[in-house]
1. Take the residues of the range 47-61 that are in contact with a Leu (Cβ under 9 Å, 6 or more places away or on another chain) and not in a loop (DSSP other than H, G, I, E, B): which is surrounded by the fewest Cβ atoms within 10 Å (Cβ to Cβ)?
2. Kindly indicate whether any position in the range 62-71 is surrounded by fewer than 14 Cβ atoms within 10 Å (Cβ to Cβ) and modelled with pLDDT under 95.
3. For Tyr101, only one of the following conditions fails: (1) at positive phi; (2) in a helix (DSSP H, G or I). What is its number?
4. Applying the selection to the range 62-86, what residues are outside any helix (DSSP H, G or I) and over 11 Å from the mean Cα position of the chain (by Cα)?
5. Name the residues in the range 1-21 that are of a type outside the set (S, T, N, Q) and touching a residue at least 24 places away in the same chain (Cβ under 8 Å), would you?
6. What are the residue pairs meeting all of these: first residue in the range 101-129, first residue surrounded by 11 or more Cβ atoms within 10 Å (Cβ to Cβ), second residue assigned to a loop (DSSP other than H, G, I, E, B), Cβ atoms under 7 Å, and 6 or more apart or on different chains?
7. Quick one: count up the residues across the range 22-44 that are under 10 Å from the mean Cα position of the chain (by Cα) and either closer than 16 Å to Glu83 by Cα or of a type in the set (Asp, Glu) (or both).
Amino acid sequence: MSKNQIIKSYIFKAEKDIETAKNLYRLKHYDWCLFIWHLAIEKILKAKIISLNKEIVFTHDLARLAKIAQIPLDSNLIKKLNEITTFNIEARYDDYKLSFYKKANQEYTKKWVKICEEIYQFIKNQISI
């Protein structure tokens, strides 16, 4: 697969994740909605990294990926990326999952979905294919 094909594949998968996240939000599965948003942002960051001819680092730490992707980072964006990284609940302990489930109410999720959408678009706009 060519570099551009790989980038397009990451973007396609990220946008499918966003569709899934929106459906989960409508179904009131807020914790899973946020988890999927984390995955979408992770994928768009990896697309950006590939566009820079860099190797993918296997981490879920979005701030670290953003730094590698040469995304302009200020303390506010780092703080947001660190919060979104906490949405990655797949392998967490059950007590953490329950705590996150309680935290991810409609108000919290609505706020963070908007932030995720903005960050995703900001990163996507910086990818040249």
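1. Among them, the one singled out is Ile49.
2. Of the residues in the range 62-71, the ones surrounded by fewer than 14 Cβ atoms within 10 Å (Cβ to Cβ) are 70.
Among the residues that remain, those that are also modelled with pLDDT under 95 are: none.
No, the range 62-71 contains no residue that is surrounded by fewer than 14 Cβ atoms within 10 Å (Cβ to Cβ) and modelled with pLDDT under 95.
3. Looking at each condition in turn, Tyr101 falls short on (1).
4. Filtering the range 62-86 down to residues outside any helix (DSSP H, G or I) leaves 69-74, 86.
If the condition is that a residue be outside any helix (DSSP H, G or I) and over 11 Å from the mean Cα position of the chain (by Cα), then Ala69, Gln70, Ile71, Pro72, Leu73, Asp74 are the ones that fit.
5. The first filter runs over the range 1-21 and keeps only residues of a type outside the set (S, T, N, Q), leaving 1, 3, 6-8, 10-19, 21.
If the condition is that a residue be of a type outside the set (S, T, N, Q) and touching a residue at least 24 places away in the same chain (Cβ under 8 Å), then Lys3, Ile6, Ile7, Lys8, Tyr10, Ile11, Lys13, Ala14, Glu15, Asp17, Ile18, Ala21 are the ones that fit.
6. Listed by first residue and then by second, the contacts come to Ile123/Ile71; Gln126/Ile71.
7. Filtering the range 22-44 down to residues under 10 Å from the mean Cα position of the chain (by Cα) leaves 34-44.
Imposing the further condition that a residue be either closer than 16 Å to Glu83 by Cα or of a type in the set (Asp, Glu) (or both) reduces the set to 34-42.
Number of matching residues: 9.
Every residue, every condition in (1) in a helix (DSSP H, G or I); (2) exposed (fewer than 14 other Cβ atoms within 10 Å of the Cβ); (3) not polar (S, T, N, Q), yes or no:
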{"residue": "Ile6", "(1), (2), (3)": "yes, no, yes"}
{"residue": "Phe12", "(1), (2), (3)": "yes, yes, yes"}
{"residue": "Glu15", "(1), (2), (3)": "yes, no, yes"}
{"residue": "Asn23", "(1), (2), (3)": "yes, yes, no"}
{"residue": "Lys28", "(1), (2), (3)": "no, yes, yes"}
{"residue": "Trp32", "(1), (2), (3)": "yes, no, yes"}
{"residue": "Trp37", "(1), (2), (3)": "yes, no, yes"}
{"residue": "Ala40", "(1), (2), (3)": "yes, no, yes"}
{"residue": "Ile44", "(1), (2), (3)": "yes, no, yes"}
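The values are calculated or read from the model by the stated rules, or taken from the named source; none is laboratory data. Predicted, not measured: the structure shown is a model, and the values here were computed from it. Backbone-built Cβ (ideal geometry, glycine too); neighbour counts: all protein chains shown.
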